[in-house]
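Peer 1: What follows is a structure written as structure tokens; I'll ask about it next.
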Amino acid sequence: MASDKLRVDALVVGGGIAGMQSALDLADQGYQVALVEKEASIGGKMIALSKVFPTLDCCSCITTPKMSAVAHHRNIHLLTYCEVQSIRENGGGFVAQVLKKPRYVNEDLCTGCRQCEYACPIDLPDPFDRGYGAHRAIRVPFSTAVPQIAVLDIENCLLCGKCEQVCPVSAVDFTQTPQQLEIEAGSIVLATGYEVTPRDAKKEYGGGKLPNVIDALFMERLLAPTGPYGHVLRPGDGKEPESIAYVQCAGSRDQTLGVPYCSRVCCMYAIKQAMLISGALPLADVTIYYMDIRTFGKGYEQFYQNAKAMGIEFVKGKVARITEDENQNPIVRVELIDEGSRVVERTHDLVVLSVGMLPRYNPQPLYGVPVADDGFVEVPSPNISPCVTDRPGIFVTGTAAGPMDIVDSIMTAGAAASEAAAYLRARKSASSVSTTTGKERELVYA
Amino acid sequence: MNGKEEAKKRTQLLKRLREEHKDTVARTQALLKEQNAIRKQICQVMRDAPKTVPEVAEATGLPASQVLWHVTAMKKYNLVVETGMCGEYYLYRRVEETKI
Ligand SMILES: Cc1cc2nc3c(=O)[nH]c(=O)nc-3n(C[C@H](O)[C@H](O)[C@H](O)COP(=O)(O)OP(=O)(O)OC[C@H]3O[C@@H](n4cnc5c(N)ncnc54)[C@H](O)[C@@H]3O)c2cc1C
């Protein structure tokens with residue numbers, strides 16, 4: 001359990017892959033790190049994905065070990081379900097006031113057995129499955145959550161007390177209240193991640209209205225072994241789809257949405273998903289409607305060529321509109337650019353919108369770190385110092401700085417950790433007063 | 001404090017919380033009532049034989065997407081199981097001891 005005051009070298013804000021990696025890179029060098037995550041588990045978006053391009057590694061299999069490494073690292077203080085409320089400068093360092101939200105479950109006692117969850121009578125849409133699956137008012141956030149501790153959603157609780165009655169270790173605690181915690185840190189790494197375009201952002205695509213038009217994050221859940229249905233089924237009626245279409249740039253490179261930039265991952269994740277669908281449903285046809293295919297990374301172009309060789313259909317065209325027939329099959333109206341801009345309507349069983357990446361958190365008010373025109377954290381010298389923000393001592397990593405894939409998020413995580421370490425060392429040599437003592441620090445200055 | 005006293009204290013605390021969160025409790029109770037009514041209908045349709053989502057939807061008059069959501073929730077918490085396929089649809093069966 002966290003004490004009321006914590007003194008560390010670095011505060012990492014956000015526990016997605018970028019934040020976790022930065023925390024590990026700093027902690028491995030002997031620095032004391034506090035990782036603050038606002039959700040009840042770390043893992044970010046990556047833990048919800050099925051497999052990852054370009055290697056097709058199982059996502060859980062590569063993310064879960066990182067999550068446990070963070071939780072068990074002796075130099076990392078993991079603070080989940082916590083939010084930074086204010087930051088002030090203090091002699092070149094920072095003091096953060098952190099709010100620890102009540103879980104209504106004693107973290108020291110809970111074993112994650114989920115008996116409370118099974119006893120809870122009410123089912124609610126589970127955001128981890130994009131609302132298409134269910135969870136209870138009290139639950140362990142998801143099967144591979146770290147920490148494996150239940151959390152009670154008091155806003156949707158019947159207050160029937162059934163969870164309390166069945167808990168074998170009496171961990172349910174309705175008396176919990178929000179707690180304040182103060183963290184003193186020499187530097188800060190912002191790793192607050194991204195959001196995806198809301199599926200109903202483009203009204204003409206029918207997302208949110210047509211039941212068989214979904215977003216790509218939900219397709220990740222359908223393809224994951226822990227997905228809500230256990231199979232790739234369409235949400236309108238549970239049918240196993242035979243014809244699936246992808247609409248690329250559904251939220252990126254689109255002035256009407258105020259998103260002129262390319263989200264950089266959508267071509268690759270669509271190709272990846274198409275390949276995985278071909279494996280899960282060998283008889284299904286998969287079509288990708290695209291403007292340009294952008295496969296810029298190492299091994300990515302080969303990945304695209306493999307998908308074409310597998311029989312996935314790539315159609316150059318801009319989708320104008322999606323409607324549905326009387327059986328709720330989506331009808332895609334598309335201009336076929338390679339066929340003299342002929343406009344056709346094609347019916348599919350399921351349409352996936354390749355939604356883009358949007359900024360998630362604006363650090364300006366709290367951290368005094370400005371954002372750029374696109375809303376992502378501004379990096380004044382992206383070529384020379386891609387992780388250095390406008391404010392000395394505060395660094396940024398991963399998609400908080402702009403759209404990028406996991407490979408680049410990991411890379412910038414290492415870079416941000418190095419920048420933070422260099423900053424801490426410079427500070428240390430400037431003032432002979434050490435902020436942290438301990439055996440691990442000797443490693444750094446030896 | 002002995003066990004009896006503790007239990008009494010817990011009951012009092014819950015009572016006080018229910019009073020404090022009156023609106024939440026009213027909303028969640030209504031939601032639970034609706035949920036149970038739907039589940040009852042779904043279980044009734046599945047009583048004699050496994051059914052697909054569109055079959056349950058047709059028999060109950062509920063939208064198929066809503067039936068799927070409830071079946072998915074019931075499957076997660078072991079109240080319904082999948083028993084093979086019928087054409088393009090999976091079949092679902094009620095677990096014997098399911099009581100709604
Ligand atoms: C459909 C889809 C499929 C994808 N597939 C792939 C793939 O196969 N391969 C690949 O390389 N990339 C893929 N990506 C991209 C990948 O998801 C991202 O590159 C990666 O997850 C970014 O990690 P992150 O840590 O920067 O952000 P996130 O995963 O968003 O993590 C941010 C974390 O910060 C927390 N947070 C936010 N604000 C605060 C706050 N104020 N205080 C505390 N905590 C906060 C969040 O809760 C979250 O845990 C895919 C993306 C999508 C949309």
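The values are calculated or read from the model by the stated rules, or taken from the named source; none is laboratory data. No experiment lies behind these values; they were computed from the predicted model shown. Positions of Cβ are backbone-derived with ideal geometry, glycine not excepted, and every protein chain shown enters the neighbour counts. Please note that ligands, DNA and RNA were not included when accessible areas were found on the heavy atoms of the full protein model with its side chains. Shrake-Rupley method; radii C 1.70, N 1.55, O 1.52, S 1.80 Å.
Peer 1: Would you check which residues across segment B:1-15 are basic (Lys, Arg) and over 17 Å from residue A:176 (Cα atoms) and list them?
Peer 2: Of everything in segment B:1-15, those that are basic (Lys, Arg) and over 17 Å from residue A:176 (Cα atoms) turn out to be B:4, B:8.
Peer 1: Which one of these is open to solvent by less than 30 Å² (accessible area, probe 1.4 Å), at the interface with another protein chain (Cβ under 8 Å from one of its Cβ atoms) and more than 23 Å from residue A:157 (Cβ to Cβ): B:80, B:53?
Peer 2: Only one candidate passes the filter, namely B:53.
Here's the yes/no breakdown for (1) within 20 Å of residue A:210 (Cα to Cα); (2) touching a residue at least 60 places away in the same chain (Cβ under 8 Å):
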residue	(1), (2)
A:324	yes, yes
A:341	no, no
A:351	yes, yes
A:354	yes, yes
A:362	no, no
A:365	no, no
A:369	no, yes
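Peer 1: Further, regarding this structure: Among the residues in segment A:348-369, are any outside the structural domain of residue A:58 (by TED's automatic domain parsing) and away from the ligand (no atom under 16 Å from the Cβ)?
Peer 2: Yes, segment A:348-369 contains at least one residue that is outside the structural domain of residue A:58 (by TED's automatic domain parsing) and away from the ligand (no atom under 16 Å from the Cβ).
Peer 1: Kindly provide the set of residues from segment B:11-45 that are more than 16 Å from the chain's Cα centre (by Cα) and among the acidic types (Asp, Glu), ordered by number.
Peer 2: Residues satisfying the conditions are B:19, B:20, B:23.
Peer 1: When the residues of segment B:57-70 are narrowed to those that are touching a residue at least 24 places away in the same chain (Cβ under 8 Å) and hydrophobic (A, V, I, L, M, F, W, C), which ends up most open to solvent (accessible area, probe 1.4 Å)?
Peer 2: Once the filter is applied, the top-ranked residue is B:62.
Peer 1: I've got another one for you. Of all the helices (runs of 4 or more DSSP H) wholly in segment A:1-120, which have at least 3 residues that are away from chain B (no Cβ under 14 Å), open to solvent by less than 60 Å² (accessible area, probe 1.4 Å) and within 9 Å of the ligand (Cβ to nearest atom)?
Peer 2: Output list reads A:17-28.
Peer 1: If residue A:386 meets every condition in (1) in contact with a helix residue (DSSP H, G or I) (Cβ under 7 Å, 6 or more places away or on another chain); (2) open to solvent by less than 40 Å² (accessible area, probe 1.4 Å) apart from one, which number is that one?
Peer 2: With (1) in contact with a helix residue (DSSP H, G or I) (Cβ under 7 Å, 6 or more places away or on another chain); (2) open to solvent by less than 40 Å² (accessible area, probe 1.4 Å) applied to residue A:386, the lone miss is (2).
Peer 1: Which ranges mark the strands (runs of 3 or more DSSP E) fully within segment A:314-381 that have 3 or more residues being open to solvent by less than 60 Å² (accessible area, probe 1.4 Å)? Break it down stepwise before answering.
Peer 2: Details: elements: A:330-336, A:342-347, A:350-353, A:357-359.
Once the strands (runs of 3 or more DSSP E) in segment A:314-381 are filtered for at least 3 residues that are open to solvent by less than 60 Å² (accessible area, probe 1.4 Å), what remains is A:330-336, A:350-353, A:357-359.
Peer 1: While we're here: Across segment A:388-425, what is the total count of residues that are among the hydrophobic types (A, V, I, L, M, F, W, C) and in a helix (DSSP H, G or I)?
Peer 2: Residues flagged as among the hydrophobic types (A, V, I, L, M, F, W, C) and in a helix (DSSP H, G or I) within segment A:388-425 amount to 13.
Peer 1: Which one of the conditions (1) open to solvent by 30 Å² or more (accessible area, probe 1.4 Å); (2) in a loop (DSSP other than H, G, I, E, B) does residue A:241 fail to meet, given that it meets all the rest?
Peer 2: Only one criterion is unmet by residue A:241, namely (1).
Peer 1: Grab the strands (runs of 3 or more DSSP E) fully contained in segment A:144-228, keeping just those with 2 or more residues being within 16 Å of the ligand (Cβ to nearest atom) and crowded, with 24+ Cβ neighbours inside 10 Å.
Peer 2: A:179-190, A:213-215
Peer 1: Out of (1) open to solvent by less than 50 Å² (accessible area, probe 1.4 Å); (2) among the charged types (D, E, K, R); (3) modelled with pLDDT under 95, what's the single condition that is false for residue B:18?
Peer 2: Going through the list (1) open to solvent by less than 50 Å² (accessible area, probe 1.4 Å); (2) among the charged types (D, E, K, R); (3) modelled with pLDDT under 95, residue B:18 breaks only (1).
Peer 1: Identify all residues within segment A:121-141 that are in a loop (DSSP other than H, G, I, E, B) and either within 11 Å of chain B (Cβ to nearest Cβ) or open to solvent by 30 Å² or more (accessible area, probe 1.4 Å) (or both); write none if there are none.
Peer 2: A:121, A:122, A:130, A:131, A:132, A:137
Peer 1: If you don't mind, another one. Only one of B:44, B:29 is assigned to a helix (DSSP H, G or I), facing another protein chain (nearest Cβ under 10 Å), of a type outside the set (Ser, Thr, Tyr) and surrounded by fewer than 18 Cβ atoms within 10 Å (Cβ to Cβ). Can you tell me which?
Peer 2: Exactly one residue qualifies, and that residue is B:29.
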